[in-house]
Amino acid sequence: MNFNTTLTPATALLAIISCLIPFASDIHLPLLHGHTVAMIENSQAILLLLGVVLTLGYMKPFQLTEGSRQFWLWSVLWWVVLLGRSTSWGRDYFPELPKVVFRSISVILISSLVLSFLLSSTLRKAIAVRITLWSIPLWTCSLVIVTFLLADTVEHHLLLSPIFLHNGHYQDLIEELFETPFILGLLLISFDLMKREVKYKQRRMTFTLN
């Protein structure tokens, strides 16, 4: 696995914003009786849906060859799983439906993600090839990991949570704010890798034609 150590302006900006998140309670950012958190959650759902659309539209996985097709469809499934988790598997928008519906959705999506990896040697090979060929953006990956851990720390009141959660009333807001750069970071990584794969395929086609 190769790492790209270039710090992009977008990643730097997200990192700075992430450092300011714990102070949202100190400046008394309006909670609006939960509406602020709800707006952020809806925005996150849109971003995750954008991940689905972007991957399908940019990579056009159904037009790709064996291996590449499985990999990018699996990537789409990852976005769908993240979207499902973000919306409590649909419960946030359809609370009147029985709980068994949302449980079934979660089981189907997660099992599809795991089983497709376990049962498809083509997919596993495609993943291994990309890990070998791709240059992973180190700082953006670090941002994604750190903001995910911080959101989890705040959500579950882990040992270091008082450092990032200065007011208990702001727990949901701080958690969602940390999840936002996590999602944006994933989008940056995904789009960067998509561009690299398209360029790689174009170079291969040019080499073949010559």
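The values are calculated or read from the model by the stated rules, or taken from the named source; none is laboratory data. Keep in mind that this is a model prediction, so the values were computed, not measured. Neighbour counts run over all protein chains shown; Cβ positions are idealised from the backbone, glycine included. Protein only, heavy atoms only, side chains kept; ligands, DNA and RNA dropped before computing areas. Shrake-Rupley method; radii C 1.70, N 1.55, O 1.52, S 1.80 Å.
Report the gain in length on full extension from residue 49 to residue 8: 0.36 nm times residue separation, minus Cα-Cα distance, nm rounded to one decimal. Let's see the in-between values first.
Working: separation 41, 0.36 × 41 = 14.76 nm, distance 2.39 nm.
Using 0.36 nm per residue and subtracting the Cα-Cα distance, I get 12.4 nm.
With the alpha-carbon atoms of the stretch 82-201 aligned to their principal axes, the span from lowest to highest coordinate is 50, 38, 23 Å, starting with the largest. Rounded to the nearest 0.05, the FRET efficiency derived from the C-beta distance between residue 149 and residue 119 at R0 = 30 Å is 0.45.
If you run the Gaussian network model on the chain, springs between alpha carbon atoms under 10 Å, then out of 177, 82, 29 the most flexible one is 29.
When only the Cβ of Lys, Arg, Asp and Glu is charged (+1, +1, -1, -1), the dipole of the chain relative to its Cα centre reaches about 1320 debye. For residue 199, the accessible surface of its heavy atoms amounts to roughly 120 Å² (probe 1.4 Å, protein chains only, rounded to the nearest 10). In the elastic network of the chain, a GNM with C-alpha springs shorter than 10 Å, the most mobile of 156, 166, 33 is 33. Taken as entire DSSP H runs, the helices of the chain that both span 24 Å or more between Cα atoms along their own long axis and average 0.5 or more on the Kyte-Doolittle scale are 35-59, 68-86, 99-119, 138-155. Need one word for the chain: rounded, prolate or oblate. Basis is the Cα gyration tensor (sqrt eigenvalues a ≥ b ≥ c); a/c below 1.5 gives rounded, then a/b vs b/c decides. Note, shape of the chain comes out oblate.
Express the relative contact order of the chain as a whole percentage, based on alpha carbon pairs under 8 Å and six or more residues apart in sequence.
33 percent.
Taking the Cα centre of the stretch 137-210 as reference, the dipole from Cβ charges on Lys and Arg (+1) and Asp and Glu (-1) amounts to some 900 debye. Within the full protein context, the accessible area of residue 155 is estimated at about 60 Å² for a probe radius of 1.4 Å. For the chain, the residue among 143, 154, 116 whose Cα projects farthest onto the positive side of the dipole built from Cβ charges is 116.
Here the dipole of the stretch 1-124 is about 380 debye; that uses its Cα centre as origin and unit charges on the Cβ of Lys and Arg (positive) and Asp and Glu (negative). Between the stretch 1-31 and the stretch 153-205, the alpha-carbon centres lie 9 Å apart.
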